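A.B. asks: Below is one structure. I have some questions about it.
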Amino acid sequence: MASIKDVAAEAGVSVATVSRVLNSHPSVSADARARVLAAVESLGYRPNAVARSLRTDQTRTLGLVISDVLNPYFTELARSVEEAARALGYSVIIGNADERPDLQDHHVRTLLDRRIDGLLVSPTDGGSPLMLEAARAGTPMVFVDRWIAGVDVPVVRADGQQAVRDLVSHLHRLGHRRLAIIAGPAATTTGSERVEAFREALREHGLPLPDELIGQGDFQAASGRRVTEAFLALPEPPDVVFAADNLMALGALDAIRARGLRVPQDIGLAAFDDIPWFVHTDPPITAIAQPTGELGRAAVRALVDRIEGRPPESVTLPARLVVRRSCGENFPENSSENSSENSPA
């Protein structure tokens, strides 16, 4: 592998001149710059990223800690983050927390030890002392999708309150009155926020949300199955089950089919977080879609602004209801059974 000394010898300049060219320093003549770049090309020289990071105190690397890599929402989010970061000249190292606070903190600690320039996190709970410490220490950080209350860090998220309100209005028009929710973990902002949005939307229609129709899930399919089995065992089962994320919705669908029941004829099903699979289930599932790709891009922009000394901004984008056939047949004509941008958790 060619060294910077080899490039200097090939171009007939000093090592310092090669370094200035590689770092886009203006005090290099056009002729010298051309000769250095030609030598870099002919020798196939690649700068040593580790050495460069020691000189510049930057690694051009971002860390991303997502809550569950098996959730299609976070897979799509990670993809959009990586694409946006690459376009700005940054690489991304991804850690999967698997909805475990201890694993989340392990990845955060490891990424900080690797001297990343900034950190994107979708927190698995609301009480990580490590992230609070990192934020207080001035680590460039952005929360994406979820956040930790009281931590002074920009947040990039989708607001699903209006979409939940639209969902409940849709269900009400279809004649459904007894509505249940499979909630995510209360320790996550998305878990608590979606329950409160659902409760408030029901209240606007004069509908109750008794404790028996709130099932505690954990954003995993198994919990959706377990909670739905409990709903179906009630003396008066719900008309519709609303799962607060896509994986719990798939678990709910399994439980309904295991009972020999039909969707939507016997019970309706809706979900927060649209995913491509929902178009292909039978019937296609009504879901709330988040603008996943734009969230990832906005999160990278906010973090790079913070790293490069510009004031970062929190961003809130609207989620939207995608009506399909899983709650009834008479969906609005302007709704589509295909979501243009999928969105999990």
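A.B. asks: Roughly how many debye, to the nearest 20, is the charge dipole of region 4-47 about its Cα centre, given +1 on each Lys and Arg Cβ, -1 on each Asp and Glu Cβ, and no other charges?
C.D. replies: 120 debye
A.B. asks: Run the dipole for the chain about the Cα centre, Lys and Arg Cβ at +1, Asp and Glu Cβ at -1, nothing else charged, and hand back the magnitude in debye, nearest 20.
C.D. replies: 900 debye
A.B. asks: Here is a follow-up. How far apart, in nanometres, would the label points at S42 and D113 be if each is projected 7 angstrom from Cα along the Cα-to-Cβ direction?
C.D. replies: Simple spin-label model gives 4.5 nm for this pair.
A.B. asks: Quick one: putting +1 on the C-beta of Lys and Arg, -1 on the C-beta of Asp and Glu, what dipole do you get for region 159-290 around its Cα centre, in Debye to the nearest 20?
C.D. replies: Roughly 320 debye for region 159-290.
A.B. asks: On to the next question. DSSP loop (so not H, G, I, E, B), at most 13 other Cβ within 10 Å: list which trypsin sites (Lys or Arg not before Pro) in region 163-233 pass both filters.
C.D. replies: Of the trypsin sites (Lys or Arg not before Pro), not one in the loops of region 163-233 has a Cβ with at most 13 other Cβ atoms within 10 Å.
A.B. asks: Moving to a separate point now. Give me the mean projected area, in nm² to one decimal, of the convex hull enclosing the Cα positions of the chain.
C.D. replies: Orientation-averaged projected area of the Cα hull: 20.9 nm².
A.B. asks: Each label point is 7 Å from the Cα along the Cα-to-Cβ direction; what then is the distance between the points at L103 and A149, in nm?
C.D. replies: 2.7 nm
A.B. asks: Next question. Which order do V227, V142 fall in if you start with the one that has the fewest other Cβ atoms within 10 Å?
C.D. replies: Lowest count first: V227, V142.
A.B. asks: Counting only helical runs of four or more DSSP H residues, what would the 222 nm mean residue ellipticity of the chain come to if each run contributes -39,500 (n - 2.57) and the total is spread over all its residues?
C.D. replies: -13000 deg cm²/dmol
A.B. asks: Could you calculate the contour length gain from R79 to R60, that is, 0.36 nm times the residue separation minus the distance between their Cα atoms, to one decimal place in nm?
C.D. replies: Roughly 5.1 nm would be gained on extension.
A.B. asks: L130 versus L207, label points 7 Å from Cα toward the beta carbon: distance in nm?
C.D. replies: 4.1 nm
A.B. asks: Here's something else I'd like to know. Can you classify region 58-123 as rounded, prolate or oblate using the Cα gyration tensor, where a ≥ b ≥ c are the square roots of its eigenvalues, rounded means a/c under 1.5, and otherwise it's prolate if a/b beats b/c and oblate if not?
C.D. replies: In terms of gyration-tensor shape, oblate.
A.B. asks: Taking 0.36 nm per residue of sequence separation and subtracting the Cα-Cα distance, how much length would be gained by fully extending the chain between K5 and T281, in nm to one decimal?
C.D. replies: Gain on stretching K5 to T281: 93.3 nm.
A.B. asks: Cα extents of region 127-216 along the three principal axes, largest first, in whole Å?
C.D. replies: Projected onto its principal axes, the Cα set of region 127-216 covers 53, 23, 15 Å.
Read the figures in this text as sums done on the coordinates, not as results from a lab. Note that the coordinates shown come from a computational prediction; the quantities given were computed from them, not determined experimentally. Don't worry about glycine lacking a Cβ; one is built from the backbone with ideal geometry, like all the others, and counts go over all protein chains shown.
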